[in-house]
1. Quick check on this structure: which one of A:ILE117, A:ILE92, A:ILE121 is at the interface with another protein chain (Cβ under 9 Å from one of its Cβ atoms), within 25 Å of B:PHE13 (Cβ to Cβ), modelled with pLDDT of 90 or more and in contact with a Gly (Cβ under 7 Å, 6 or more places away or on another chain)?
2. Condition check: away from chain A (no Cβ under 14 Å) and under 30 Å from A:PRO125 (Cβ atoms). Does B:LEU40 satisfy that?
3. Keeping to segment A:95-114, report how many residues are within 7 Å of chain B (Cβ to nearest Cβ), open to solvent by less than 20 Å² (accessible area, probe 1.4 Å) and of a type in the set (A, V, I, L, M, F, W, C).
4. All but one of (1) part of a helix (DSSP H, G or I); (2) in contact (Cβ under 8 Å) with a residue 12 or more places away in the chain hold for B:PHE131; state the number of the condition that does not hold.
5. Looking at segment A:157-205, which of its residues are open to solvent by less than 30 Å² (accessible area, probe 1.4 Å), at pLDDT below 80 and under 28 Å from B:ARG20 (Cβ atoms)?
6. If we scan segment B:43-57, do we find a residue that is of a type in the set (Gly, Ala, Ser), part of a helix (DSSP H, G or I) and closer than 26 Å to B:PHE165 by Cα?
7. Every residue in segment B:182-197 that is within 19 Å of B:CYS49 (Cβ to Cβ) and open to solvent by 60 Å² or more (accessible area, probe 1.4 Å), please.
8. For segment A:10-34, how many residues meet the condition of being farther than 30 Å from A:ILE173 by Cα and away from every other protein chain (no Cβ under 14 Å)?
Amino acid sequence: MLNADTKIVIKLENVNKTFHIREKRYLTVRDRVYNIFKPNPKRKIYALKNINLEIKKGEFFGIIGKNGSGKSVLIHIMTGAYPPDKKGKAEINEKFMRLSLGLGFNPEISARQNIYINASILGLPLKVIAGKFDEIIQFAELEDFVDTPIKYFSTGMKIRLSFSIAVHAEADIFLMDEFFGAVGDEKFKEKTNKVFKSTFIEGKTVVLVSHDLNTIKKYCNRVLLLHYGVPVMIDKPEPVIQKYHELLEVNT
Amino acid sequence: MAQILKKTYNLFFNNNRLQRIWILAKTDFKQRYYGSSLGLLWALINPLCQLVIYYSVFTLIFQGSVPNFALYIFSGLILWMFFTEATKKGIHVLNSKRYLLENIPINKFDIYLSSGISAFLGVLFNILIFFIVSIFFDIKYSYNLLFLPLILINLFIFVLSVTFFLSTIYIYIRDLDHIWDILLLAGLWTIPIIWDQAFVINKLQFLLYLHPLTGILINIREILLYDTFPDLFILFYDFVYSLLLFFTGLFFVNKFSHKALEMV
């Protein structure tokens, strides 16, 4: 389905991520002075180990693994929010939007202002945003809450809004971090289905982190299985999911 | 050479970057004032109240000999209030804009820039009021006014660099707010904003310049109050250290700012 010559949009090379954590964190001056001579051993947490990954334009890429296996950290590495350890390289070559449960908005300002900010950062000129504004609101089914501050929105409303922005503001890469949980009614699910099916036509790329293996099986071309930060395998959904079940059984 | 110029041009133009920075700044500004019942009036009430307080204290207690003492204070307060507001907001900028930094491809520099601009809108507003008020005083303006934008840019660069440092230090020291409040208080009383510069004896005048904002303040007064040509040496000196701070600050932001996102 994917041509060999399609563009690589996400490229991770030798990515390791280590967090240096102290037993206790002293973040105020008082704490730092009081505890200056107390031992505070350093601990290293290896969140990701030697990840090499290329995601091509138009792919629907899944990431699965147990809680704490490093899925979210990997997404943060992709967005550039976390830099990888030395010698590692992380590149993302197109406009992305990370979608996670109801985050990504300034809660104090209205939906309208948030739409303008997000769409503008994704590169749309003001005039274009104004033209697409109604479409964004309609898709998110928020006609009655255009000027309501986001802090009064339910999680479902926020999810619909951010998804709608990502779709209409032409983000090229969707990074979905546990985005679709139990929220959204049938009508909205239908809409997202439609969008997902058409992503391949429009050449958008989706990276989906999920515990919902059915969704993964349904949509993804390739799936990465992470286990304590180690990439166990990358393959078609079925074998990876099988391996995942095996790992779970071994551990229990 | 032409290519380099074109590249720098493309950094800000040929795309919607300026719009983006402006939208962020505008929303910040609105959020600050429109949420309250008096709205934008607060931007006016606050400096006027401060002015009245300082003016009455210093004319009642000290027999000042500064002409147009009210405007003398006001010109300094414009600068100082901008410095306070921008830095206090700047301390938290990596946290308050986390919702963007984590989710969407935005340049960190744009975040700082927009946060600075939103505070700078207050300066423009205050300068406008200054001009209106100065009609009632005996003040003349001439071509010297052309230097004002240059000095304001200088001030802006300096303030921006301070926020670079503060926001990165804040990652490691969470009570920086309180420390900074004290430093600001010390800063206000060691610069001739609310007291007469002539209080300091001639031999010790150079001490005034230990305060990083004194040079900018004096030049702003030369222009706004006395209609004289600004001191070019001071102007040059201010620009040099502001730019030095700016680039070291930028370096710190690049090196440490990601920790603000990692340390939840």
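The values are calculated or read from the model by the stated rules, or taken from the named source; none is laboratory data. Quick caveat, the model's predicted, so the values are computed rather than measured. Virtual Cβ from ideal backbone geometry, glycine too; neighbours counted across all protein chains shown. Remember, those area values only see protein heavy atoms, side chains included, never the ligands or the DNA or RNA. Shrake-Rupley method; radii C 1.70, N 1.55, O 1.52, S 1.80 Å.
1. Just a single option satisfies the conditions, and that option is A:ILE92.
2. yes
3. Number satisfying all stated conditions: 4.
4. The number of the failed condition is (2).
5. A:PHE179, A:THR192, A:VAL195, A:THR199, A:GLY203
6. There is no residue in segment B:43-57 that is of a type in the set (Gly, Ala, Ser), part of a helix (DSSP H, G or I) and closer than 26 Å to B:PHE165 by Cα.
7. Matches in segment B:182-197: B:LEU185, B:TRP189.
8. So the count comes out to 1.
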